[in-house]
1. Return the subset of B:166/B:266; B:73/B:166; A:285/B:190; B:114/B:282 for which the Cα-Cα distance in this structure is over 19 Å, preserving the input order.
2. Measure nothing fancy, just the Cα-based angle from helix A:133-154's long axis to the longest principal axis of chain A, in degrees from 0 to 90, nearest 10.
3. If packing is taken as the average count of other Cβ atoms within 10 Å, what order do A:96-103, B:95-102 fall into, highest mean first?
4. With labels modelled as points extended 7 Å from the Cα through the Cβ direction, what inter-label distance (nm, one decimal) is found for residue A:247 paired with residue B:278?
5. Go through A:44, A:179, A:73 and say which Cα lies farthest out towards the positive end of the charge dipole of segment A:3-284; charges sit on Cβ, +1 for Lys and Arg, -1 for Asp and Glu.
6. Where in segment A:229-251 does the label zone of residue A:47 land, with the point 7 angstrom along Cα→C-beta and an amide N cut-off under 20 Å?
7. Give the cross-link partners of residue A:257 among the aspartates and glutamates, using a straight C-alpha distance below 13 Å as the criterion and excluding same-chain residues fewer than 8 apart.
8. Need one value for A:181-194: mean number of C-beta atoms belonging to other chains within 10 Å of its residues' C-beta atoms.
Amino acid sequence: MSHSHEQEIEDEFAGVGDTIASATRVTPGHALRPEDIALQDAPPAEDNAEYALWLGDDSLILAQRLSWWISRAPEMEEDVALGNIALDLLGHARSFLTYASKQWGKTEDELAYWREEEEFRNLRLTEQPNGGFGETIARQLYFAVYQELLYTRLVQSTDSTIAAISAKALKEVAYHVDHATQWCLRLGMGTDESARRLQHALNLMWPYVGELFQDEPLNERIAAAGIGPLPSSLREEWDQRVSAVIEESELQVPQAKAAMAHSRAGDHSEHLGYLLAEMQVLARKHPGASW
Amino acid sequence: MSSTAIDPRATADDEGRAAFDAIIAADGRIEPRDWMPDDYRKTLIRQVSQHAHSEIIGMQPEANWISRAPSLKRKAILMAKVQDEAGHGLYLYSAAETLGASRDSMVEALIEGKAKYSSIFNYPTKQWADVGAIGWLVDGAAIMNQVPLCRASYAPYGRAMVRVCKEESFHQRQGFEILLSLANGTPAQKAMAQEAVDRFYAPALMMFGPPDDASPNSTQSMEWHIKRFSNDDLRQRFVGMIAEQVKVLGLTLPDPELRFDEDSKKWIHKELDWVEFMDVIKGNGPCNAQRLERRREAHEDGAWVREAAAAYAAKQSKKMQEIA
């Protein structure tokens, strides 16, 4: 190897392999990050913390479901799109859980990895299995519209941390609504088979919609304190918007009754245990370890 | 037309070839509409599509740990990383399309087992530290291969590689950081990190391809300025880099023979198992069948979705025409 050849290789790779720099530096700096929330000194009041836990659990469990699609989606573009949505939701979850965890002197990871099934507060819709692409899109339409309406209200929250997290999340959720809407149109008006499959999926997810708008005692206190809306107050607009998408997709708005559900009290479907077993297995094998 | 008339196509080819040779000689760039020799086109389609397939298949071993990532921060970083790989696959398929290969035909060749991809992805990720070892060693080796490709003579490939390389260096850092955390963690975590490095070291060194004296396609690729450095040059550079970095990790490389030889100014590393390498390339690695089956399954399960999207697009464009 001549000197000049060595030098040529040296020049080519100047700066390559600078592995010592922190990978986390890539995290966009403009947003309120979980790390920033962790550093704030005032922990939330008990009700605020419990409410943040609910919001965080919804996004965490749905993110865990959606992330399954990365490397399995119908098109590579969808690997990217569903991955993006999952990543957004995980970001919201991390912020809400970090905020909530301060009330109990814990961390986001202690909440995510060391709670038992009955301690999770996520809505039943978020833990529904992915099914095929149609079921995933139906679940996305229902949940993303709900979340957009909710975050739109939470931007006005008297709790400034919840308001700040929601303001950032709202921009992302608007994209999630658009993604789900576009797919409903494509599948609803695509082929007979796709219309049939999406209609089936919309019907299948519908019984879990009712719970999104169920007012729990905590919601009454949260609404009275101006922290967040009563879930029931979001229903009418949700119905209008979701019906409009389904009708434009030339499909029928499902008529099924709501399934009995008390997820906010820790009463979950049969599905959550498996999801948590998988999510928590490695962390629980190494108590006290940091990663 | 008399027998002495000049075939206009032959003249165009001669002119095209002269222009192509001049561009290559001046270390310039070939654009999609420029004339290029058939073999140059074929070589590039093969290389760029294999590269795209590697990104897409390469999602699987790491995606294997998304659901079980041991902290939410690690989960977020890993999801972003695997998603980047899908993006890289898309840029690269697009670059190959500019050479006249259709994405459908490339994807079909992959699913039918007719196309190759980097053999490293046929090894399993058995434990969490493997995600770190892949980032550090596999992405590290990929960067060594890819940085010179940013200057590849075929311009769309070079442009795709510029974007890919920026993200790859982030990937390598995240892998290194995973291993660093584990190496400074509990004894069980450190053992996990060492075990992963032990398993991925030799396959990562083999990512540069066979030794120079056994790499028949390399010379032509170098003459065409697609490839800039030989397999052994790149392997040397890589092994030198990781030999230093492993000290920062406080781990070891599974290579007692590894040393820098002052006389030859070369790194001496252990003999690599090229029989195993060829066997994995031929389809007999631990996970070849599994990786292809996953891709086939996603493709087949998604067929109705793609058909619906195409039908909807056709209906929409018909509607637009009727309005216009």
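The values are calculated or read from the model by the stated rules, or taken from the named source; none is laboratory data. Just so you know, these numbers come straight off a predicted model, no measurement behind them. Neighbour counts are summed over all protein chains in view; Cβ atoms, including those assigned to glycine, are modelled from backbone coordinates with ideal geometry. These accessible areas exclude ligands, DNA and RNA; they are computed on the full protein's heavy atoms, side chains included. Shrake-Rupley method; radii C 1.70, N 1.55, O 1.52, S 1.80 Å.
1. Numbers: B:166/B:266 28 Å; B:73/B:166 21 Å; A:285/B:190 14 Å; B:114/B:282 10 Å.
Listed pairs above 19 Å: B:166/B:266; B:73/B:166.
2. For A:133-154 against chain A, the angle is about 90 degrees.
3. Values: A:96-103: 25.1, B:95-102: 18.8.
Output ranking for A:96-103, B:95-102: A:96-103, B:95-102.
4. 6.9 nm
5. Result: A:44, furthest along the dipole toward the positive end.
6. Flagged as within label range: A:229-234.
7. A:211
8. Working: counts 0, 2, 4, 0, 2, 10, 6, 2, 5, 12, 8, 2, 6, 8.
Across A:181-194, the average partner-chain Cβ count within 10 Å equals 5.
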